[in-house]
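Single-structure report; data block below.
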Amino acid sequence: MAKIELNVDGKSHTIDADNDMPLLYALRDDLGLKNPKFGCGLAQCGACTVLVDGQPVRSCVTPVDSLGKSKITTLAGLSQNGVPHKVQAAFIEEQVPQCGYCMNGWVMTTVSLLATTPKPTDAQIEEAMTGLKCRCATHVSIMRAVKRAAQA
Amino acid sequence: MNQHINRRHLLSAFGALTVSVVMPGVSARAATLGLEKRPALDPKKLASYISIRQDGTAIAYFGKMDMGQGTDMGVAQMVAEELDLPVERVLVDMGDSGTSLDQGGASGSTGVSNGGVTLRNAAAEARRLMVDMAAQHLGVPAADLVVDSGIISSKSTPAKKVSYGELIGGRWFDSEVEWNGQFGNGLAVKTIAKVKDPKDYKVYGTSPRRRDVAPKIMGTGDFVTDIKVPGMLHARLVMPEIAGASPVAVDESSIKHIPGARIVWEKAFLGVVAPKEWDAVKAMRALKVTWSDAKAPFPEQKDLYSHIRNAKPVKTGGEGAFLKEPEKVADAFKGADKVIESTFEWPFQSHASMGPACAVVDYQPNGQTTLWTGSQKPHHAGYGVAAVLGLKNEQVRGIWVPGPGSYGRNDAGDAAIAAAIFSKAVGKPVRYQAMRNEGTGWGPKSPASVHTVRAGIDKDGKVIAWHFHSKSFDRLNVNSNESYPGDSLPGQLIGSPPKPNNVYGTPSNSYKFPVRHETWEVIAPMLDSGSPLRSSHLRDPLGPEIHFAHESFVDEVAFATKRDPVEFRLAHVSDQRDRDVIKAVSDKVNWQARTGARKERKGDVAFGQGIAYSTRNGTRVAVVAEVEVDMKTGKVRGKKFTVAHDCGVVINPQLLTQTIEGNVSQALSRAIHEEIKFDTKNVTSVDWETYPILDITERPLTIDVVLINRQNIPPNGAGEGSMRPIVAAMANAIFDATGVRLRQGPFTPDRLRAGLA
């Protein structure tokens, strides 16, 4: 057990945890955040994605003591004063999710993609998104939303 | 500490976009919805279905739930239509046995066709009663009154008006409805009121937006995995390496270094609990268990279909006029000039929901026990929890909270029973969530099957006899109804005996042949109890595989008799609505007649197009798939799907279209990827690497939907109908591209290459 400091959505937290505990458990169980989801615990699906200094990271396999002073952003941390991030606005506009459990991964990965590639081609979107899972199979809606966000 | 209970329910109910509401528990929520003074739920009382609040908004109490296709919005529209209220003023309180009657949960695409119709009838009756009340209140005859947006006014003296809220807001309807005596999907009510004439529809056919989308995207909504109850412990199951093995010794010292970790062990049910979730995971991994010396229960995977062929059936059944006269079928085939026969094989498949299932149970033997579940059937899951805890049904409140996907009887039904067993054992609220390997590996499966189809052709090339025969594992080895613990894995582990149903199904379409015979045989499971291959319903149960066989064979017969597949279907399909979808889809793609594989090629890529059609409880769907096959690698891409869809009246075209898009894409995943793998000891498909599903790089580039809106036909249900013909259309398109007839799924590169070799 160690005292570990985490900077999440602009707030600083200190938790007691095993050094090798995955970040996901710190976010969900210690900090009570809900947006990152447990999908597989194997970095195979993306449901647990958070941004670490802007980069999408699978929190289910990221040891909690590996973050240092990095800024962690969760899905709920994207919006400002309740105003959706443009990617969220696009996903809402396109009514993308069915069950919605995977949406975290798609939205966060889109945010990261558009930060570096504001006008991505279909191939660039696919390259960024491949490997993420959506079991309800809303892929065509996801593509519409990513393109809408890129035009916003 | 606040309980973050059912927040999503509230968000959904109030259609909030970004508001973060934290309600302190069930009672506060009840107060918000005015439920604390509510009369007991009674199917004969109108108040059990609908209420009007003081602000004039209506609440419909829906004993089903929505898994993301927008069913609740469809219901809201049906209720709004009858009440002449704007849809944003209709709230749908769903999936909670404390607030709604048992309407069977999500089941068989009946959310709108049964559940919605019941609430629509209740809404019409509520409107009738309020118009009568207004007539008295205003002193004018009811015939002189009109309703607009919840305001009832006199046609002759428009100044005379009163609102729903003023008439009854905050009070409960004290009126009866004629109940048909059934609970579950069959629950229906008749009322004095007449429902609206379709020519007066204002809300049907519009596309208001779903209320759960924004909370899901903003990260402000609760999933069942997010429910927290004070004092709650986290639990994990410990499962054996060999299916069927049970623990004989457990080394408690192996987890004593983990704070607060405890063992729960009853018969073959073994698990751990801990105050912190990560500690529960660690304890699950660290626990040293000696397992019984179980015999490996399964054949080698390669022998699956010969196992099915050779197994003795435990039950037979079928459909059609010739079931009692099989000799007439035999005679018809004897009289044929030529008999064509093909056999199709389909593997076990998994719901593989996005996350492994989770449930929270707060066992209160002397008060109200609460179950929070992602199950499609929260009422029934509550009955199952009551049964396993030795409580009466009414002592358990089952509350649905969105779970990680569903698509039938997935592992959610197991999680509810597991959480209940844990909670009783430790005397505290318990949150149980499975690990990924349990979700895919140990969740229920759709049954593997073999289908043999024969057609007798006369000398003029006419089909004179048709026999479709399936041999399969039980479609309901565990019932999709979750009321009985023996229909769950943890229930079986604590000794509840399995009660297999031994049932199957037959194709659904309106082909007419002089002799049409449909039969099935169900075989016993390979492991009776506690099996990772226990079979149950997966979205459109049996639909994709039965119609893969049927519609592939229709193409085979068409080509064998030198006819075009569309022309052949139109010549043999008898129902006009069915013919209309076939016609609509073939017109939409400008179908070119053909009597064999066209094998269009560009370099290494072959292009093909195939049609299939099927019906489902009144909904009919025809689809044309367009595929590309890489002739070197054998990889198949489902590029474009054109779907003609008739489910009766269309309530919300946008949500219907997106439901169809999801079904097409999920069926494509089933068609090209999905096959549960196992070895002699256990299922080896345990994650997304070993059970791959559709990737975004493999999505259809176009899904073109043609909706046929039948305003005068009640809604038939659209949740699953478009899953059904997709696999077959893919198979027919692959044949058109390559000349290879794939009769075993899924259509992987290996199978394609083997066919091309």
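Structure notes:
- Among the conditions (1) closer than 26 Å to B:Ser353 by Cβ; (2) facing chain B (nearest Cβ under 7 Å), the only one that A:Pro36 does not satisfy is (2).
- Candidates in the stretch B:341-365 are the residues that are surrounded by fewer than 17 Cβ atoms within 10 Å (Cβ to Cβ) and touching a residue at least 60 places away in the same chain (Cβ under 8 Å); of these, the one that is nearest to B:Ile417 (Cα to Cα) is B:Ser342.
- Residues that are touching a strand residue (DSSP E or B) at 6+ places or on another chain (Cβ under 7 Å) and within 14 Å of chain A (Cβ to nearest Cβ), drawn from the stretch B:343-356: B:Gln349, B:Ser350, B:His351, B:Pro356
- Failed item in (1) more than 14 Å from chain A (Cβ to nearest Cβ); (2) in a loop (DSSP other than H, G, I, E, B), with B:Val385 passing the rest: (2)
- Residue tally, condition touching a His at 6+ places or on another chain (Cβ under 9 Å) and more than 7 Å from chain B (Cβ to nearest Cβ), over the stretch A:5-31: 6
- Top-ranked residue of the stretch B:323-358 - restricted to ones that are assigned to a strand (DSSP E or B), farther than 17 Å from B:Tyr407 by Cα and of a type outside the set (Asp, Glu), ranked as nearest to the chain's Cα centre (by Cα): B:Trp346
- Considered as a group, the residues in the stretch A:55-76 that are more than 20 Å from A:Asp16 (Cα to Cα) and of a type in the set (A, V, I, L, M, F, W, C) include one that is modelled with the lowest pLDDT, and that residue is A:Ala76.
- Of everything in the stretch B:217-255 that is in a helix (DSSP H, G or I) and touching a residue at least 40 places away in the same chain (Cβ under 8 Å), the residue that is farthest from the other protein chains (Cβ to nearest Cβ) is B:Val224.
- Residues satisfying the stated conditions in the stretch B:678-701, i.e. farther than 25 Å from B:Ala245 by Cα, within 24 Å of the chain's Cα centre (by Cα) and of a type outside the set (Asp, Glu): B:Trp688, B:Pro692, B:Ile693, B:Leu694, B:Ile696, B:Arg699, B:Pro700
- Counted as qualifying within the stretch B:129-171 are the strands (runs of 3 or more DSSP E) with 1 or more residues that are within 18 Å of B:Lys202 (Cβ to Cβ), namely B:145-148, B:151-154.
- Consider the stretch B:271-301 and keep the residues that are assigned to a helix (DSSP H, G or I) and of a type in the set (Lys, Arg). The one that is nearest to the other protein chains (Cβ to nearest Cβ) is B:Lys282.
- Of the criteria (1) part of a helix (DSSP H, G or I); (2) touching an Asp or Glu at 6+ places or on another chain (Cβ under 9 Å); (3) more than 27 Å from B:Arg539 (Cα to Cα), which one B:Asp587 fails: (2)
For every residue, the table says whether it meets (1) closer than 13 Å to B:Glu626 by Cα; (2) part of a loop (DSSP other than H, G, I, E, B).
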{"position": "B:Asp704", "(1), (2)": "yes, no"}
{"position": "B:Ala728", "(1), (2)": "yes, no"}
{"position": "B:Pro746", "(1), (2)": "no, yes"}
{"position": "B:Arg753", "(1), (2)": "no, no"}
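- Complete set of residues in the stretch B:696-708 that are in contact with a Gly (Cβ under 8 Å, 6 or more places away or on another chain) and more than 7 Å from chain A (Cβ to nearest Cβ): B:Glu698
- Condition check for B:Gly169: more than 33 Å from the chain's Cα centre (by Cα) and not aliphatic (A, V, I, L, M): yes
- Filter pass, A:Thr74 being within 7 Å of chain B (Cβ to nearest Cβ) and either in contact with a strand residue (DSSP E or B) (Cβ under 7 Å, 6 or more places away or on another chain) or surrounded by 21 or more Cβ atoms within 10 Å (Cβ to Cβ) (or both): yes
- Some residue of the stretch B:737-751 being crowded, with 18+ Cβ neighbours inside 10 Å and either within 14 Å of chain A (Cβ to nearest Cβ) or acidic (Asp, Glu) (or both): no
- Residues in the stretch B:658-695 that are within 8 Å of chain A (Cβ to nearest Cβ) and charged (D, E, K, R): 4 in all.
- No other residue among B:Arg620, B:Arg670 is farther than 18 Å from B:Asn732 by Cα and crowded, with 23+ Cβ neighbours inside 10 Å apart from B:Arg620.
- Any hit, the stretch B:233-251, residues being out of contact with any Lys or Arg (no Cβ under 6 Å at 6 or more places or on another chain) and either of a type in the set (Ser, Thr, Tyr) or not assigned by TED's automatic domain parsing to the domain that holds B:Ala419 (or both): yes
- Single unsatisfied condition, B:Pro326 versus (1) at pLDDT 95 or above; (2) surrounded by fewer than 19 Cβ atoms within 10 Å (Cβ to Cβ): (1)
- Condition check for B:Leu85: crowded, with 19+ Cβ neighbours inside 10 Å, of a type outside the set (Val, Ile, Thr), within 23 Å of the chain's Cα centre (by Cα) and not assigned by TED's automatic domain parsing to the domain that holds B:Gln658: no
- Residues in the stretch A:87-123 that are over 20 Å from A:Asp53 (Cβ atoms) and away from chain B (no Cβ under 11 Å) were compared, and the one that is surrounded by the most Cβ atoms within 10 Å (Cβ to Cβ) is A:Pro120.
- In the stretch B:390-461, counting only strands (runs of 3 or more DSSP E) that sit wholly within it, the ones holding 2 or more residues that are touching a residue at least 24 places away in the same chain (Cβ under 8 Å) and over 23 Å from B:His379 (Cα atoms) span B:449-457.
The values are calculated or read from the model by the stated rules, or taken from the named source; none is laboratory data. Please read these numbers as outputs of a predicted model, since none were measured by experiment. Cβ coordinates were reconstructed from backbone atoms using ideal geometry, including for glycine residues, and neighbour counts include every protein chain displayed.
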